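Structure record follows, encoded as structure tokens.
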Amino acid sequence: DVLPSGERKMQNAFIIWPVAWPTCQEFGAEPLKLSIDVTPPADNLPHWPACAILSRARGPQFLVGRLVGGKVCTWRLQSCRTKLASEAELAAKNAGAIAVSDDGLWIAVAICAEKASERRLDI
């Protein structure tokens with residue numbers, strides 16, 4: 001979409017299908033849908049595509065998403081995976097490679113920048 005100001009808007013969407021754990025009472029629940037409006041960056045840096053990584057261990061599930069604008073967020077899902085328990089922004093812009101442990105306890109984000117002094121790895 002193009003706004004009247006000429007600014008472009010895009011939308012990232014993540015859909016998570018719930019798993020019927022034995023302790024979960026929400027059988028037949030609808031999938032969790034995260035829809036996020038983003039503004040593509042106007043700089044000349046190369047940008048990584050949007051992606052989502054879901055933790056794979058038992059216990060609380062974490063979803064880490066890199067949006068097309070380079071922003072990285074993490075969401076903790078409730079036990080039935082149909083609702084968000086919490087949300088946190090890990091990088092406001094310029095995120096490159098991301099990695100997550102199987103249990104979601106550590107998350108690494110490479111921050112890209114034109115100046116070498118601004119490049120870093122956040123864990």
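The values are calculated or read from the model by the stated rules, or taken from the named source; none is laboratory data. It should be emphasised that the depicted structure is a prediction, and the values quoted were computed from it without experimental measurement. No Cβ is skipped: glycine too gets one built from the backbone with ideal geometry, and neighbour counts run over all protein chains shown. Ligands, DNA and RNA are stripped out before the accessible areas are found, and what is left, the full protein with its side chains, is counted by its heavy atoms. Shrake-Rupley method; radii C 1.70, N 1.55, O 1.52, S 1.80 Å.
Accessible surface of residue 74, taken over heavy atoms with a 1.4 Å probe and every protein chain present, rounds to 20 Å². Assuming a ≥ b ≥ c are the square roots of the Cα gyration tensor eigenvalues, decide whether the range 47-123 counts as rounded (a/c under 1.5), prolate (otherwise, with a/b larger than b/c) or oblate. Prolate, because a/c is 1.5 or more and a/b exceeds b/c. In sequence order, the range 79-85 has phi-based couplings of 4, 8, 6, 10, 9, 7, 9 Hz under the Karplus curve 6.51 cos²θ - 1.76 cosθ + 1.60, θ = phi - 60°, and Gly or Pro positions carry x. Between the alpha-carbon centres of the range 50-84 and the range 92-119 there is a gap of 15 Å.
Per-residue accessible area (protein heavy atoms, 1.4 Å probe) orders 79, 86, 117, 55 as 117, 79, 86, 55, starting from the largest. For the pair residue 101 and residue 120, label points projected 7 Å from Cα toward Cβ lie 2.1 nm apart. Computed over neighbours whose Cβ is under 12 Å from that of residue 53, the net charge equals +1, Lys and Arg +1, Asp and Glu -1. One decimal place: the segment residue 36-residue 58 gains 5.2 nm when fully extended, by the rule 0.36 nm per residue minus the C-alpha distance.
Computed extension gain for residue 15 through residue 108, at 0.36 nm per residue and net of the alpha carbon distance, reaches 31.2 nm.
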